[in-house]
1. Please go through the stretch 116-128 and give me each residue that is under 15 Å from Ile172 (Cβ atoms) and part of a loop (DSSP other than H, G, I, E, B), ordered by number.
2. Within the stretch 129-148, how many residues turn out to be part of a helix (DSSP H, G or I) and over 15 Å from Arg44 (Cβ atoms)?
3. Being out of contact with any Gly (no Cβ under 9 Å at 6 or more places or on another chain) and at positive phi is true for just one of Gly106, Gly115. Which residue is that?
4. Pick from the stretch 46-85 the residues that are assigned to a strand (DSSP E or B) and touching a Leu at 6+ places or on another chain (Cβ under 7 Å): which of them is surrounded by the most Cβ atoms within 10 Å (Cβ to Cβ)?
Amino acid sequence: MADLAKGLLDAVVGRLPEEEQMKLLSRRGEELNKLITKRANNIRESLEKAGREMLAEMAAKPEVKKLENGVLLHVLEFGPEGEGRGVRPTQASTVRVHYHGTLADGTVFDSTLGGEPVAFPLNGVVPGWREGVKNMHEGETAMIGIPPEQAYGPEGTPDGRIPGGSSLFFKIQLLEIMSAGVGGSPILGADGQKMKKGGSGGGLLGPDGRPM
């Protein structure tokens, strides 16, 4: 059917003067662009609405903490020092994590599950992700809900993986705070002395921009 329609269109266009051909093709191109834009806007509006609803449902749970910027934090597993205890990262921290990120419709846009954990400085991620992780303790696993204002806003990502207006939902395992952490009890070795986090940073940069 598509081939037949194309053949008929070609025949019609071929019978028109060149100027009329250009007008017809231009008009059809504009109509197609409008259709594509309309469908993209519908998808965006649907995702934004679903995301807001999911955030509202998440916020209604008593175990969920709502931060000042609207980010939601639900700790699923506590760290080794227990509930509400342990080292926390700061704005200047580099952290090592596993994470799984989805949109409101369940689309997975990024994940380390099934692979190696990643390490990066918190000052290089979107505000909502950074603030959520800053409220976690080392060793914890949590769900973080991020409204679009604290993620990629109305424009989304340049590559289109995350449409504008999308709320983001992450499951994050904070494996290690590699630098600039605060609080927590010192970890003692077999000799009773405070242990230091050693080893190479694998090419990572610290808060001062120098190799770790």
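Taken together, the values in this text are just the output of simple stated rules run on the coordinates, not laboratory data. These numbers come from a predicted model, not from an experiment. Using ideal geometry, Cβ is built from the backbone for each residue, glycine included, and neighbour counts are taken over all protein chains shown.
1. Correct list: Pro117, Val125, Val126.
2. Initially, the stretch 129-148 is screened for residues part of a helix (DSSP H, G or I), giving 129-134, 148.
Those still in the list that are over 15 Å from Arg44 (Cβ atoms) too: 129-134.
The qualifying residues number 6.
3. Values: Gly115 fails: at positive phi.
On inspection, the qualifying residue turns out to be Gly106.
4. Taking the stretch 46-85 and keeping what is assigned to a strand (DSSP E or B), we get 65-66, 72-77.
Remaining after also requiring touching a Leu at 6+ places or on another chain (Cβ under 7 Å): 65-66, 72-73.
Values: Lys65: 13, Lys66: 13, Leu72: 24, Leu73: 22.
Of everything passing the filter in the stretch 46-85, Leu72 is surrounded by the most Cβ atoms within 10 Å (Cβ to Cβ).
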